[in-house]
Amino acid sequence: MKKNAGLLIAILIFIVSLPASGSEREEFFSLEGKKLWSLGFNAGSSFATPLLILNFNATIAPLPYMFFEIGGDLGLINGMAGEDVRIDDIEYSSGYFYARVNTYLPFGTRKFDSYGRPREGGGWYLGLGFGYMVSDYSFLVSPTERIVVSVKTPTLDGATGFLIGHGHILLRAGYAVRTTMDFKNLLGINHRLLLGVTYRIY
């Protein structure tokens, strides 16, 4: 009897706390704010090669609590050298393209956008996907001659991070890792830390 009374009181409190009008109630339960459609720019480093990374990305969210991300990294500056090799003897550049599926957990104070629709602030994400990297190494073989070696690598790609802020402009701090699909070659793992800005379209 006491359990039933407690349950009844909890239900009554929940009903009283709900918005009064139908439109407000729909906004209260809306999942639209759990979606993330956006464009973003980030900069960071792998702290090895490449030393500088410029990242562009877009997110597509047909369902709440998840989003698809497609993006590309431009990698510059060689940060490692072998024995008796000067770093400035090697010029490096790379293009990396990836696609991920991310789970997304919004957090922060509930707000409404300019159309009156509910929007959350930032959130935490965790994703996994695939990528493809094309790296170019230019070696100085004589004072007037260079040779270019291109390395093409399909990769597994994972990432996690936070979106911070409210409204359309969010700050993004993310960590990502990519590795070759050859699991025996663990030396192929490359880490990268990225910081940037995300513009929330919807």
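The values are calculated or read from the model by the stated rules, or taken from the named source; none is laboratory data. All values derive from a computational prediction rather than experimental measurement. Cβ atoms come from the backbone with ideal geometry, glycine included; neighbour counts cover every protein chain shown.
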Complete set of residues in the range 47-66 that are crowded, with 20+ Cβ neighbours inside 10 Å and within 17 Å of residue 173 (Cβ to Cβ): 53, 55, 57, 59
Any residue at all in the range 56-77 that is hydroxyl-bearing (Ser, Thr, Tyr) and closer than 14 Å to residue 137 by Cα? no
Please go through the range 49-69 and pick out each residue that is part of a strand (DSSP E or B), within 12 Å of residue 101 (Cα to Cα) and touching a Lys or Arg at 6+ places or on another chain (Cβ under 8 Å). 67, 68, 69
Please state which of the following conditions residue 88 fails to meet, knowing it meets all the rest: (1) modelled with pLDDT under 70; (2) in a strand (DSSP E or B). (2)
Residue identified as modelled with pLDDT of 75 or more, part of a strand (DSSP E or B) and within 17 Å of residue 73 (Cα to Cα) among 132, 199, 125: 132
